[in-house]
Structures are given as structure tokens and as C-alpha cells.
Amino acid sequence: MPGQRDPNKKYLSLWIEKGNTERLREYAKKHNRPLKDLIEEAIKDKCVEWGIDYQDYKDSKYSNRKEHKE
């Protein structure tokens, strides 16, 4: 059903300095990638360093993003 969230997802938010936000947005735009994807990639890389098994949800039936359907 549209608008439904995957039950395996949990909302997370944080506050960061606005200059960092602007630089991250510029970087994402320059590389034609969603900011969310860049942040998640950074989190995944750090989890590898910390030995945390980061779980992905790309195969979720709830996702409407093209790259998640392939």
C-alpha cells in the first residue's frame, strides 16, 4: 500500500552545523546522488571499521526506488 513504511526501518535524525549541511548537499549534487545515500554510505564504512554488521534493506517490497527493485 502506498505511503507504508517497511517495518524493519526506524527513523533517525540529527543536528549538524549548517555549513556542514551545505557542503554535504553541494557534494551530493555535484555527484548526482541523494544526500541520504551519501550519509548512509559513510555510516556503513564506519560500521565496517567498528566491526558492526550493518544491515541493508534494498530488497524491501516497500521501496519505490528504481535501484532497489533491480
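Determine, from the Cβ-Cβ distance of SER13 and LEU38 and an R0 of 25 Å, the FRET efficiency 1/(1 + (r/R0)^6), rounded to the nearest 0.05.
Efficiency computed from Cβ-Cβ geometry: 0.95.
Would you mind telling me the share, in percent, of accessible area of the stretch 1-60 contributed by carbon and sulfur at probe 1.4 angstrom?
The nonpolar share, carbon plus sulfur, comes to 54 percent.
In the stretch 1-34, which trypsin sites (Lys or Arg not before Pro) fall in coil by DSSP and have 11 or fewer other Cβ atoms within 10 Å?
The qualifying sites are ARG5, LYS9, LYS10.
The values are calculated or read from the model by the stated rules, or taken from the named source; none is laboratory data. Just so it is clear, the model here is predicted, and its values are computed rather than measured. Neighbour counts run over all protein chains shown; Cβ positions are idealised from the backbone, glycine included. When the accessible area is computed, the model is the full protein with side chains, heavy atoms only, and any ligands, DNA or RNA have been set aside. Shrake-Rupley method; radii C 1.70, N 1.55, O 1.52, S 1.80 Å.
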